[in-house]
1. Considering only residues of the stretch 214-239 that are in contact with a strand residue (DSSP E or B) (Cβ under 9 Å, 6 or more places away or on another chain) and not in a loop (DSSP other than H, G, I, E, B), which is surrounded by the most Cβ atoms within 10 Å (Cβ to Cβ)?
2. State which residue is nearest to L473 (Cα to Cα) when the search covers only the stretch 531-558 and only residues that are out of contact with any strand residue (DSSP E or B) (no Cβ under 7 Å at 6 or more places or on another chain) and of a type in the set (D, E, K, R).
3. Considering the stretch 111-130 alone, what residues qualify as being more than 12 Å from the chain's Cα centre (by Cα) and either of a type in the set (S, T, Y) or not in a helix (DSSP H, G or I) (or both)?
4. Pairs, please: C-beta under 8 Å, at least 6 apart or cross-chain, first residue at negative phi and at pLDDT 80 or above and in the stretch 359-379, second outside any helix (DSSP H, G or I) and surrounded by 10 or more Cβ atoms within 10 Å (Cβ to Cβ)?
5. For the stretch 70-99, enumerate the residues that are in a helix (DSSP H, G or I), out of contact with any strand residue (DSSP E or B) (no Cβ under 7 Å at 6 or more places or on another chain) and modelled with pLDDT of 80 or more.
6. Take the residues of the stretch 185-200 that are among the hydrophobic types (A, V, I, L, M, F, W, C) and out of contact with any Asp or Glu (no Cβ under 6 Å at 6 or more places or on another chain): which is nearest to K277 (Cα to Cα)?
7. Just the residues that are modelled with pLDDT of 90 or more, under 25 Å from T478 (Cβ atoms) and surrounded by fewer than 19 Cβ atoms within 10 Å (Cβ to Cβ), please, taken from the stretch 419-440.
Amino acid sequence: MQKEILQRAKILLVDNEIENCGGLSRLLSDNGYRDLDHAAPSSAAAKLDSQFQPDLIILDLAVPDDKGWQTLEQLRNSARKETYLPILVVTGPASINVRPEALAKGATAFLTKPYDSAEAVLLVRSLLETRFLHLKLSREVGELKTRIKQLTEINSGLETQVAKRESDAAELRQDPALLPEMLHNSPSLIFFKEAQEGRYLDINPSFEQLFGLKRDQIIGRTDGEIFPAEQAAMFRANDLRVIESATPMEFEEVAQYADGPHLSIVSKFPLRDADGKISVICGIVTDITERSRMVAALRQSQEALNKANDELETRVRERTESARQAKEEAERANAAKSEFLSRMSHELRTPLHSILGFGQLLKMDTLSSEQEDNVDRVLAAGQHLLKLVDEVLHISRIEAGNLAPAIEPVLLSDAVREAINLVQSMAVVRNVRINELACDQYILADEQRLKQVLLNLLSNAVKYNRAGGSVTLSVVETACGTLRLMITDNGPGIAPDDAAKLFIPFERLCPADSKIEGIGLGLAISKRLIELMGGEIGFESVPDNGSTFWIELPLAEAENSSG
């Protein structure tokens, strides 16, 4: 079924910023999913009425204000009620308490950022498998309903025939002269037999037509003289039961008609002479071959449906158990990785501190110019390696969920000013001018983590700028109660093909032999920290015209910011 899912699955990713879908979109593409589409919250519901009918919707609930909830409700209300359409909601770790409300508004499952790639792919596949199983079951139920309708129509026709027969009998009692006309025109087989020997006294045209015999081949003869021995014996045995009981009776009889065997309901009843003795057996035959076939087909369909339901329940249980085990395995692997990175980082830091300490002691001695240059290189390399170890340790703590932000009102201009002070010396060396920010607004953030993000973004804006360039900071207050800070440089910009790699750990977009320092963790850490604080991060870039990186965080309420 995996191949079928990859070929058929249509996935719609919904996010306020389309470029934010890049990481998840690339993850799905790398795992074989090709039919992907993206939509902003305002246009997502319209996608359900377009030619692109998704099998899975992935909605980032970290949409400002109430737009995330509105979008979730619109998507669930727009989905066709008769089909199962899963909606996977992506939330930040601080949003776990919204899950009951999200379920009530139509969410099917959750993915918490930062998420494990293997866990995300497994969850997507499980939801799509359930979707396709539901579609298959819906088709089978539709076919079953069609067959039930056909059977109902056949039963209705039989009921109409019975009603007409009763009406004809009542009319016949009123006017015996109608009997010959009724016999001639009735679509049912009708016959009269002499009771004592079972010889045919009269038959109607339907009898001749269906058995493929002429009237003179029937009248005056017994069943044994006309039909195969086994069939004739059954007819006669049923006649004798009616004579013995002296009451009307019904039988299921299989008879060989001109076009093959037919199953019929035969109503037989005795007729008495003037002395009250049973002298004639009358029979009315209704062909139920087609109805019997429909009943058998319906029974088979019901059995198949029950089997499909059982298989579906079994597979859902297996998928659920498999997903649970995979999640536990991923969590164990992630914990082991984090533990390994933590231990390795601590093991590396001890000798590094020793190297840096001895280097600083050497620098205090009287050295030649060449020796001093060598010591500076040792210290620079050591500081670079120590920074790398710290960043690896930091991202492992984030992925392990061991970093809980302390959210409080923060004056944005103060945090920006401190970050600018830390990168100012680098800007001077590279001849890059930083335009300071005038802003008196408070935002809700972890002050230490916010400064770390600002330092990463500002240092990138300086490092990847051109000589004599500038870095401009600006803010805009959104209608959703958030504040967006934009950091714009006029460097070489970012190629569209590289956009999806920006926030992936250890991905560096500059050439391998570039002299610009870095290991590709700064933006990955920044993205995870901003999301932990309930915000968003993104960028805009035009090749050869610079880039703008932005972060968006909730504004602090007046009563919080006043203190």
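1. We begin by selecting, within the stretch 214-239, every residue in contact with a strand residue (DSSP E or B) (Cβ under 9 Å, 6 or more places away or on another chain); these are 215, 218-223, 226-228, 231, 234-235, 238-239.
Next, from what is left, pick out any that are not in a loop (DSSP other than H, G, I, E, B): 215, 223, 226, 231, 234-235, 238-239.
Numbers: R215: 13, D223: 19, I226: 15, Q231: 17, M234: 17, F235: 22, N238: 18, D239: 20.
Among residues in the stretch 214-239 that are in contact with a strand residue (DSSP E or B) (Cβ under 9 Å, 6 or more places away or on another chain) and not in a loop (DSSP other than H, G, I, E, B), the one surrounded by the most Cβ atoms within 10 Å (Cβ to Cβ) is F235.
2. Let us first name the residues in the stretch 531-558 that are out of contact with any strand residue (DSSP E or B) (no Cβ under 7 Å at 6 or more places or on another chain), namely 531-532, 542-545, 557-558.
When the remaining residues are screened for being of a type in the set (D, E, K, R), the result is 531, 544, 557.
Values: E531: 21, D544: 19, E557: 23 Å.
Selected residue: D544.
3. Selection gives L111, T112, K113, P114, Y115, D116, S117.
4. V375/L367
5. Q70, E73, Q74, N77
6. From the stretch 185-200, those among the hydrophobic types (A, V, I, L, M, F, W, C) are 189-192, 195; that's our starting set.
Pick out the ones that are also out of contact with any Asp or Glu (no Cβ under 6 Å at 6 or more places or on another chain) and you get 189-191, 195.
Values: L189: 25, I190: 22, F191: 19, A195: 10 Å.
Only one residue fits best here, namely A195.
7. Listed by number, the list is empty, since nothing qualifies.
Conditions tested, residue by residue: (1) surrounded by 18 or more Cβ atoms within 10 Å (Cβ to Cβ); (2) assigned to a strand (DSSP E or B); (3) at pLDDT below 90.
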position	(1), (2), (3)
R449	yes, no, yes
L473	yes, yes, no
I487	yes, yes, no
C510	no, no, yes
D544	no, no, yes
T548	no, yes, no
E552	yes, yes, no
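The values are calculated or read from the model by the stated rules, or taken from the named source; none is laboratory data. Computed from a prediction, not measured in an experiment: that's the story for all the values here. A quick note on method: Cβ atoms are made from the backbone with ideal geometry, for glycine too, and the neighbour counts reach across all protein chains shown.
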